Amino acid sequence: MRNGFRLNRALLVLAVSALLFQVNAFAAGLPTGERSLGNATIEPAYNDYDGSVVYLLTPNRLAPLGPNNPINNVNPHAVAPLYLIVYPPGTPGTFNCMGAPGNCPDHAGVIAGVATQVMPSVYGTDPSAVPGHDHLVGMPRTGDFNVPWRVYIELFTPGATVTHVTTLAQLQSAWSSGALRQLDSGITFVCAVVSEHAYLAGKPVA
C-alpha cells in the first residue's frame, strides 16, 4: 500500500508537471487565428504603442470587407487606422493570421492576393505562399483609437530587410527607410477590444 501511494503520488506529480508545461507553452507562444464566439469573430492584434497583444471582436454582420458595407459611410474623421503588415514568403514566425486563407479565412486570402498583385517581386505570384500578416492598432489612452477602423495594407519593398513589426514606432521607421509601402484599402469596419478570456472562449475558425 505504501509503495502504491508513492507511485500514485509520482503519477500525480507528473500529471501536474505536464499540465503546467502545456499552460506555460501556450503562455510563451503567440495567439494566432480568428475565433468564433456567438455571432462575432475575434482575432489577435498588436497594441501599436508597446507591441502587447490585444483582441478585436467584429460582429459577423459587419465583417465582409467591401465597398458596399454600410459602415463605409462613417465620418472619415471618426475612424482610426488599422495597419495590416503582410510578410513575404519564407518569413519565419507566428503572425496574427497565418496562411492564405489559413486561420483567418474571411480576409487573409484577399490580403495575400493584393500583396502578390501589387508587389510580385517580393511576394511572388502565388497568394497561398504568403505566410501571414499582423494587425497593428492604437488603444485607448495610448494611441489613435476608435470603433470604426480604416484598413491600411503595409507591403515590404524589393531589397528591404524583413522584420517583425509590432509597434507604430517600428512601422514609422520602416516607412522612413522605404522598407514598407502603404496602400489605403478604402475599407472601414467596426470592431471592439475584448479580453483574452473572450478570445480563448471562442472556437477556432480554421
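A short reminder: the numbers here are calculations on the coordinates, not readings from a lab. Note that the structure is a prediction, hence the values are computed from the model and not measured. Virtual Cβ from ideal backbone geometry, glycine too; neighbours counted across all protein chains shown.
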Between rounded, prolate and oblate, where does segment 146-206 land on the alpha carbon gyration tensor, with a ≥ b ≥ c its root eigenvalues, rounded for a/c under 1.5, else prolate if a/b exceeds b/c?
-> prolate
Can you pull out the trypsin sites (Lys or Arg not before Pro) in segment 135-185 that DSSP calls coil and that have at most 11 other Cβ atoms within 10 Å?
-> Arg141
What is the calculated FRET efficiency for Asp50 to Val118, with r their C-beta to C-beta distance and R₀ = 30 Å, to the nearest 0.05?
-> 0.50
Can you tell me the Rg and the Dmax, both Å, for the Cα atoms in segment 32-204?
-> 15.1, 44
